[in-house]
Amino acid sequence: MGTAHRLKITLKGVKPPVWRRLLVPSGYTLAQVHEALLTGMGWSGYHLYAFRIGRTSYMEIDGNWPEDSIDPASVRLGDLLVPGDRFVFEYDFGDGWEHAVVVEEVLPAAGRSRPVCVAGRGACPPEDVGGPWGYADFLDAIADPNHERHVELLEWIGGSFDPEAFDPTEVDRIFATVSELSN
């Protein structure tokens, strides 16, 4: 019987708070965990990423990994992390998104072979909004009809954005769809 790591992922430096609680199969490589974290948070996945676990970095750049880093596809979640461990997941080095990740528990997988979103809070900031500082400016602008960039940013985001919106069942539906496509 397999296991799943219950991870709590918190996006650092943003208000209102944005976090997710995911069950991720323990047999996933860090490269697969990266995909699960992106899906869970709502990121598109077209930027570079890195895991910082202890003093070790796990990252891939253009099919290679820097000398001081380990290939994330070569390490499995269950072989590396146990309950209570904490690490940082960085996404989009230009915008500087950092996620604090805590391994809360390791549970029986109960027949699950894909990630599951069990809880969360807050909408994921839009891609390329400029990191935590740009996101704060973005929220100020869309909330204030008199802001000089109000109309421009509302058009850019598609007309509306609710920073409090989050539905874990919607994320779980995405996980199910992605899982069906890969089988």
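Any read-out appearing in this document is the output of simple, stated calculations on the displayed coordinates, not a laboratory observation. Just so it is clear, the structure is predicted and the values come from calculations on it, not from any experiment. Here Cβ is always computed from backbone atoms with ideal geometry, including for glycine, and neighbour counts include all displayed protein chains.
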key: Karplus 3J(HN,Hα) series, Hz, for region 109-124 with 6.51 cos²θ - 1.76 cosθ + 1.60 (x for Gly, Pro)   = 5, 6, x, 6, 10, 9, x, 9, 8, 9, 6, x, 7, x, 6, 5
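Determine how many Å³ per residue the convex hull of the Cα atoms of region 110-183 encloses. All intermediate terms of the calculation are to be shown ahead of the outcome.
Working: hull volume 8.6 nm³, N = 74.
Looking at region 110-183, the number lands at 116 Å³ per residue.
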message = Whole percent per 5 Å bin, from 0 to the bin with the longest distance: what is P(r) over all C-alpha pairs of region 64-166?
response = 2, 9, 14, 17, 15, 13, 11, 9, 6, 3, 0
note = Residue-normalised 222 nm signal for the chain, counting each DSSP H run of n ≥ 4 as -39,500 (n - 2.57), nearest 500 deg cm²/dmol, is -8500 deg cm²/dmol
query = Got the relative contact order for region 37-183 handy, in percent, Cα pairs under 8 Å and 6 or more residues apart?
reply = 20
ask   = How high is the FRET efficiency between Arg86 and Lys15 when r is their beta carbon distance and R₀ equals 25 Å, given to the nearest 0.05?
value = 0.70
query = Dividing the Cα radius of gyration by the Kirkwood radius, what Rg/Rh value follows for the chain?
reply = 0.99
task = Take region 10-92, compute every pairwise Cα distance, and split them into 5 Å bins from 0; I just need the percent in each bin.
result = 3, 13, 25, 28, 19, 9, 2, 0
